[in-house]
Amino acid sequence: MNLEELLNTVPGPRHKQCKLNVWLATLSEDDRNAFWKAMDNEDIPLRHIWKTIQAIGCPNQESSVRSHRRGDCKTCERKNTNG
Ligand SMILES: [Zn+2]
């Protein structure tokens, strides 16, 4: 393969979901909404949210949940939030 071919081989658009959203997709819509509602509620400590979702099977690290609270996830950019 020459350089021209390499340069012209553009990867397709990414529809990657981060692990947190893959896990959230396994929840009911009500549960998902409750999660994001809690994330937007600054009265609820991040650690409490993380411990709670971990108890029901969330495989993510606290830092991952934190970055979603901040809207810092580069993968999903909270596109899947329902307000
Ligand atoms: Zn994400």
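Per-residue packing, averaged as other Cβ atoms within 10 Å, sorts the ranges 56-66, 23-33 into the order 56-66, 23-33, beginning with the highest.
From the residues M1, N41, S28, which one has its Cα farthest along the dipole of the chain in the positive direction, the dipole being from +1 and -1 charges on Cβ of Lys/Arg and Asp/Glu about the Cα centre? Among M1, N41, S28, the one farthest towards the positive end of the dipole of the chain is N41. For K74, the lysines whose Cα comes closer than 22 Å to its Cα, not counting residues fewer than 8 places off in the same chain, are K16, K19, K37. Averaging 1/r over every pair of different alpha carbons in region 31-83 and inverting the result gives a Kirkwood radius of 11.2 Å.
We did not get these values from a lab; they are worked out from the coordinates using the rules stated. Here the structure is a predicted model, which is why all the values come from computation and not from measurement. Don't worry about glycine lacking a Cβ; one is built from the backbone with ideal geometry, like all the others, and counts go over all protein chains shown.
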